[in-house]
Amino acid sequence: MSESTQDSGSSEEGADENARIARRRLLLGGGMAAASAVVSIRPALAQTAASVLHCQIPVPDPGRKGQAIAADGSVVPAGTQGSFPGSGRPFTGEEVKAALRGRNLPGTSYEQNRAYLNYIRRLQGGTSGFTCYASLQMPR
């Protein structure tokens, strides 16, 4: 009787060991899948980050070219007192990101920089440069 008890006990232990091995394989397999996903996603994120820095934000957008930017960032008719003419070229995402951190946009005075940044902060969907600015706001 004791022999049959030992046999059944060893078969239960064997089943438990097989179950543990199966769980380990499953977990390791899942870890490998996650690792391959990270490897394939990282280059895409790096490419996205680089493209965000090279995107462009015109001030003002082409639909309002020739108009000026007021100190609060609103677009006003050219020649409005206290306003600044639009920039001669669009700013890159990298330039805007640096300006949002305290630097001046290239070729701007302190007041002009503030007005342009206020304009950029007010950009809304459908306006040229909005997607670029929104991308700069995404956490990395």
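Only the coordinates and a few stated rules stand behind these numbers; no lab work does. From a predicted model like this one, the values you see are computed outputs, not experimental measurements. Here the Cβ is made from the backbone with ideal geometry for all residues, glycine too, and neighbour counts use every protein chain on show.
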When the charge dipole of region 85-140 is computed with +1 on Lys and Arg Cβ and -1 on Asp and Glu Cβ about the Cα centre, the Cα farthest towards its positive end, among 99, 116, 86, belongs to 99
Computed about the Cα centre, the charge dipole of region 81-140 from +1 Lys/Arg and -1 Asp/Glu charges at the Cβ has a magnitude in debye, to the nearest 20, of 160 debye
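Quick check on packing: order 105-112, 14-21, 88-95 by the mean number of other C-beta atoms within 10 Å, highest mean leading. Working shown, then result.
On the way: 105-112: 14.1, 14-21: 10.0, 88-95: 16.2.
Output ranking for 105-112, 14-21, 88-95: 88-95, 105-112, 14-21.
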